[in-house]
Amino acid sequence: HSRRRRAANAAGLAASLREGALVSGGQIEVLIYTAYRITMAPDGPSSLDPHSVVEDFRVNVAGALAALQAVLPGMRQAGRGTILLTGGGLALNPTFWLAAASLAIGKAGLRSLAQTLHAELTPAGIHVGTVTITGQIQPGTPFDPDHIAEAFWSLHADQPGKSATKSSSTASRPTEPV
């Protein structure tokens, strides 16, 4: 079951996921978190409003944490599961697009969260990873949605412990083991 919720509302998001787990028989086996929020800063990161950065972080990182915390009990009980987070190239190169500094902060935080959770949860049979998209999503390009979907599938199909990230110009080949 796919559900759309405001990712900034951690409690509502978690409740929706728990409800979804009940509808699907008690366990969510795969969680894919793709939500993001961005506050543009045309004059550069020094012009960002701190409140907006916090709101962006709430969606980009805290929302992911709330979502995975809602599904972790079932995954731990089953001894398996997959949590995939959508990363961005700005986590790797935050100066590429200075106006998008708030997104770079969020994607860097999300990447760190994924890597630390990967280390924590791999022994429990739960695979955590990111698919890092390093360009604009457009059909017919290396960032075609079908290529990105294949990257998610490939990362899910990997056995826990191999790699927590997939990132490249096509977002479909692993280039960075954790």
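The values are calculated or read from the model by the stated rules, or taken from the named source; none is laboratory data. Bear in mind the structure is a predicted one, so any value in this text is a computation, not a measurement. Counting neighbours? That spans all protein chains shown, and the Cβs are built from the backbone with ideal geometry, glycine included.
Answer yes or no as to whether residue 105 is at pLDDT 95 or above, of a type in the set (Val, Ile, Thr) and within 25 Å of residue 155 (Cβ to Cβ). Steps first, please.
Details: at pLDDT 95 or above: yes; of a type in the set (Val, Ile, Thr): yes; within 25 Å of residue 155 (Cβ to Cβ): yes.
So residue 105 passes the test.
For the stretch 92-134, name all the residues that are in contact with a Leu (Cβ under 7 Å, 6 or more places away or on another chain), among the small types (Gly, Ala, Ser) and assigned to a helix (DSSP H, G or I).
Of everything in the stretch 92-134, those that are in contact with a Leu (Cβ under 7 Å, 6 or more places away or on another chain), among the small types (Gly, Ala, Ser) and assigned to a helix (DSSP H, G or I) turn out to be 100, 101, 102, 104, 114.
So residue 53 fits all but one of (1) in contact with a Ser or Thr (Cβ under 7 Å, 6 or more places away or on another chain); (2) modelled with pLDDT under 70; what number is the exception?
With respect to (1) in contact with a Ser or Thr (Cβ under 7 Å, 6 or more places away or on another chain); (2) modelled with pLDDT under 70, residue 53 is out only on (2).
For the stretch 90-112: of the residues being of a type in the set (Ser, Thr, Tyr) and out of contact with any helix residue (DSSP H, G or I) (no Cβ under 7 Å at 6 or more places or on another chain), which is farthest from residue 52 (Cα to Cα)? Break it down stepwise before answering.
Filtering the stretch 90-112 for residues of a type in the set (Ser, Thr, Tyr) gives 95, 102, 112.
Adding the requirement that they be out of contact with any helix residue (DSSP H, G or I) (no Cβ under 7 Å at 6 or more places or on another chain) leaves 95, 112.
Numbers: 95: 19, 112: 21 Å.
Per the stated criteria, the residue is 112.
Hey, among the residues in the stretch 136-157 that are assigned to a helix (DSSP H, G or I) and aliphatic (A, V, I, L, M), which one's surrounded by the most Cβ atoms within 10 Å (Cβ to Cβ)?
To start, the set of residues in the stretch 136-157 that are assigned to a helix (DSSP H, G or I) comprises 145-157.
When the remaining residues are screened for being aliphatic (A, V, I, L, M), the result is 148-149, 151, 155, 157.
Details: 148: 20, 149: 13, 151: 25, 155: 23, 157: 9.
This residue is 151.
Mind checking which residues of the stretch 27-64 are in a helix (DSSP H, G or I) and surrounded by fewer than 17 Cβ atoms within 10 Å (Cβ to Cβ)?
The initial filter retains those residues of the stretch 27-64 that are in a helix (DSSP H, G or I), namely 45-47, 50-64.
Hits for the stretch 27-64 are 45, 46, 47, 50, 51, 52, 54, 55.
Tell me which of these residue 37 doesn't satisfy, since it passes every other one: (1) within 18 Å of the chain's Cα centre (by Cα); (2) modelled with pLDDT under 65.
(2)
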